[in-house]
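Data block below; observations after.
The values are calculated or read from the model by the stated rules, or taken from the named source; none is laboratory data. No experiment lies behind these values; they were computed from the predicted model shown. Positions of Cβ are backbone-derived with ideal geometry, glycine not excepted, and every protein chain shown enters the neighbour counts.
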Amino acid sequence: MKIGKTVNSIRNMHLSMRAKLSLSLLSIAAILLISCIISYVEYSIMTNYVSGLVAEDINSINEARKLADMSNSYNLQMLAVIGDDTSASLPDFDDEYFLSHCELLRGSLASEDVRSQADSVMYSYSAYMLTSLEADNVLMSDFIDSRSWYFERLQPRFQRLQSDIDKLSNAIFADLKANSATFERGFYRSAIPGLVAVGVGILLVFMLLFFVNAYYVTPLNRMLDAMNSYRNNDKKYTYKFEGDDELLELNSGIADLASENQDLRRRITTLRSREQ
């Protein structure tokens, strides 16, 4: 019984015109607000993620250039030592820095191509450094041509090292380009909820316009036509429509007033006719 009463009470609840219009407008505002929040959150997450990847790629490119500069400087110093017969001391090279940063480049980026190229750099660097360790024996030997050793053994390994470092830089740059493309796709993806919300909002606006015209403007115009017919032609006010808000009460009130007024006119007319 209680459930039946509750259902009947819910059925008997009628929304006012203000409530209906407010609910419609609030629905549109809620959809637009939610879509804006989704777009903002999606864009923020994508921006932070891709910005971190891009910054890491840029730092990796700079590190690869440092490794190339280090090896190039060391190779030029080796050439100077080989060319100067009086010099017997070999240049120093920060082997720990080179290997540690090459390992960082290998582990910091998720690209398989970058890891493969970093391994190639480490292998070619090991071959170059092992060959450069022969410089002590070459310089001390009387029958080994140091210049021939440099250009025939050391220089080819240096060129291989430089080539691998260039390939590593190109692989990192390709990863940077891919991340930039991901950022662009993420931007469009984050804009989709906003575009959908705008489309839904426009659709709801047209639906609201149809709702207002169908349930409020048209009944008001017909009520006005019926009232003009009553006033000008003394016809009975007979307009009826389905509704559950203030318009229904207004129409019922106009119909009652018009009926009472017509009854009053008839009585006045009857009284006047009797007096005559």
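Some observations on this one:
- Just one residue in the set LEU195, LEU209, LEU248 is in contact with a Phe, Trp or Tyr (Cβ under 8 Å, 6 or more places away or on another chain), surrounded by fewer than 16 Cβ atoms within 10 Å (Cβ to Cβ) and either modelled with pLDDT under 80 or under 30 Å from GLU63 (Cα atoms) (or both); that residue is LEU248.
- Only one of ARG231, ARG266, ARG274 that is more than 28 Å from ALA29 (Cα to Cα), surrounded by 12 or more Cβ atoms within 10 Å (Cβ to Cβ) and among the basic types (Lys, Arg): ARG231
- Only one of the listed residues (SER169, SER132) is closer than 30 Å to ILE45 by Cα and of a type in the set (S, T, N, Q). That residue is SER169.
- Residue ID - modelled with the lowest pLDDT, chosen from residues in the stretch 68-121 that are part of a loop (DSSP other than H, G, I, E, B) and closer than 19 Å to LYS167 by Cα: ALA110
- None of VAL50, VAL41 is part of a helix (DSSP H, G or I), modelled with pLDDT under 70, surrounded by 11 or more Cβ atoms within 10 Å (Cβ to Cβ) and assigned by TED's automatic domain parsing to the domain that holds ASP175 except VAL50.
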